[in-house]
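Only one structure is covered here, and it is reproduced in the block below.
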């Protein structure tokens, strides 16, 4: 898979919905993280989103925060994560998208950070606390390095800013499904389809939806509205409290396969 | 971002609205008890060879300067049609001030408080509950101010439509540092007038403790252009030395982004935010206001840090020499007198912001005394 800005048009043309599972970097440990990514690839993920654990993850709910804490407490290093991705990049079909809070990215100059990410095989970057108003210089440098900076849009985003997000270089827009933090929800947020339509009016960029999508059925419903689905907490929560348990791995891969099937069941133009 | 844009434009409107300013002024006068006195500290002055004045913010209603900002923002929230107020608190001074302001204005109020602070500042927790606020314990990380802010921000992004986030310091995303600074500037404006009345001239030096920095910005801001007035910020050196043992962000941190602001930050080599420590819960924060960061870099503001044990000495010194029990936060500013790393103006005028009173800290004092008794 190439970077989103190059590959998404191909996906759209083939009618395939993008499936993007999310994992916390090096969670639950390095070996299981590797295994999880291999299984995500087998299950038919198009990209795999990897979250860089952060001390103060403001946009994240309880599940991802717990995973972050778990990894940070066992001596996480960003360099180790990049090494691991570098090792995996040639062994997987899926591409990597990194999710990092701005203070992680800020540790290097835009050009150096862009180069580091690209070397590890990272094709896209999501920075939840870097607003559009301040992202342009970073976007430029990352783009030159071959990394898409993916803009985020939320239900509270104004039309103007939706339009602006559509004009940016990133290969798709990350649509936050709800006003709130990440985490599993029993129901999809009300008014989701109206919200997606309102974004479509502002841009024809591919739209991927994340936050609160936990089941194959929810993924299928969301897939009908947009071009890709991001699932995180529902996969990670299997491992909480039983970090060394292989049954968690089995359950995570079976959920991924079922989501892939649900998305494929949509077929062309459904 | 949209809610921040809206806050920015609403705030710009009320700052030019004479009705709003009149109402705010009345609350400051009758509810808060302003102006607070600028007191000449006779015995401290004798001891340290300069003319020491104390800005008595400890005499504000609720016992600290925090209420100046809370009344202002609560009025703004009501004007914006918000029904519910969310706030974070460290020492509980901001929380109590928010709870009072909300009670007075008929707004619902929820205050997030870290687990550690919840226990070490339990009298303030009770005051908030008596005032009708709901206090929510945050059991994460070190259980101090940073975790309380995280929880408040997560609540706010979830309930942004009907809720107003009432931030207590000059931190967080724009326009908060500006709003809080403006509402706190009443401190410095009064000092300017009061020093003129007492001495017929500007002060030589202003001293304030810095955690997030609201009492410091409030005192310093009206003096920024008066180049001959020295500004000194005193940070929490904690147990001294190493990472995790202090909260001296400006003195020992490096630039980073936390809670939506670019400022000095206590962080490791990969940008993970480090835990802070201070004997005073109100200073126990690894970030600091972006404007204070700028003032440090520009050289206008000098920064020093003092250790917990030195602070305790100042706490008792003020109590026994002037008959005022200061908050441990404010005792940091007082400590500069005994350890004046940038000097003291001989026979000159020094104004110390006595930002709060010490009743809330009695448990901590008792505990420290007991600890000292044991080591003897």
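All of the numbers you see were taken from the coordinates with simple rules; none came from a lab. Just so it is clear, the structure is predicted and the values come from calculations on it, not from any experiment. Heads up, the Cβs are rebuilt from the backbone with ideal geometry, glycines too, and the neighbour counts pull from every protein chain shown.
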Discussion item. With bins 5 Å wide starting at 0, give me the P(r) of the range A:128-270 over every alpha carbon pair, in whole percents.
Written reply: 2, 9, 17, 19, 18, 15, 11, 7, 2, 0
Worksheet, complete the sentence: Shape descriptor, chain B: equivalent ellipsoid semi-axes (Cα gyration tensor, sqrt 5λ, whole Å, largest first) stand at 29, 24, 20
Worksheet item: So what's the range A:17-264 giving for Cα Rg divided by 2.2 N^0.38 Å, two decimals?
Response: 0.94
Discussion item. Just want the ordering: B:112, B:27, from fewest to most Cβ atoms lying within 10 Å of their own Cβ.
Written reply: B:27, B:112
Fill in: Fraction of beta bridges assigned by DSSP in chain B that are antiparallel (%, nearest 5)
25
Discussion item. Averaged across A:54-66, how many Cβ atoms of other chains sit within 10 Å of each residue's Cβ atom?
Written reply: 4
Practice prompt. Name the shape class, rounded, prolate or oblate, that the alpha-carbon gyration tensor gives for the range B:213-284, where a ≥ b ≥ c are the square roots of its eigenvalues, rounded holds for a/c under 1.5, and otherwise prolate holds if a/b is larger than b/c and oblate otherwise.
Written response: prolate
Worksheet item: For chain A, what is the mean residue ellipticity at 222 nm derived from helices alone (per DSSP H run of n ≥ 4: -39500 (n - 2.57); sum divided by total residues; nearest 500 deg cm²/dmol)?
Response: -14000 deg cm²/dmol
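Quickly estimate the mean residue ellipticity at 222 nm for chain B, helices only: each DSSP H run with n ≥ 4 gives -39500 (n - 2.57), and the total goes over all residues, rounded to 500.
-13500 deg cm²/dmol, from helical runs alone.
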Worksheet entry | Zero-based 5 Å bins, Cα pair distances in the range B:254-301, whole percents | 5, 22, 26, 23, 19, 5
Response to the item:
Expressed in angstrom and rounded, the centroid-to-centroid distance over alpha carbons for the range B:190-208 and the range B:344-371 is 21
Worksheet entry | Whole-angstrom gap from the range B:70-88 to the range B:8-49, using each part's C-alpha centre | 19
Worksheet item: Which residue fluctuates the most in chain A, going by a Gaussian network model with Cα springs under 10 Å, if the choices are A:137, A:28, A:189?
Response: A:137
Discussion item. Please compute, for the alpha-carbon atoms of the protein assembly as shown, the extent along each of the three principal axes and give them in descending order in Å.
Written reply: 85, 58, 45
Worksheet item: Sorting B:259, A:163, B:246, B:19 on the 10 Å Cβ count, fewest up front, what's the list?
Response: B:19, A:163, B:259, B:246
Discussion item. Give the average, rounded to an integer, of partner chain Cβ atoms located within 10 angstrom of each Cβ in B:266-275.
Written reply: 5
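Kindly provide the Kirkwood hydrodynamic radius of the range A:68-149 in Å, to one decimal, from all pairs of distinct alpha carbon atoms.
Computed over Cα pairs of the range A:68-149, the Kirkwood hydrodynamic radius comes out at 13.2 Å.
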Discussion item. Let me check the size of the range B:1-90 from its C-alpha atoms; what are the radius of gyration and Dmax in Å?
Written reply: 17.5, 54
Worksheet entry | Distance between the range B:117-132 and the range A:130-169 - C-alpha centres, whole angstrom | 43
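In µm²/s, what is D for the range A:49-108 at 25 °C and 0.890 mPa s, where D = kT/(6 pi eta Rh) by Stokes-Einstein and Rh is the Kirkwood radius from Cα pairs?
Taking Rh from Cα pairs, D becomes 195 µm²/s.
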Worksheet item: Over all distinct Cα pairs, what is the inverse of the mean 1/r for the range A:26-127, reported as the Kirkwood hydrodynamic radius in Å?
Response: 14.0
Item to complete: Take every DSSP beta bridge with both residues inside the protein assembly as shown and express the antiparallel ones as a percent of the total, to the nearest 5.
Response: 20
Worksheet item: Fewest first, what order do B:252, B:201, A:256 take by the number of other Cβ atoms within 10 Å?
Response: B:201, B:252, A:256
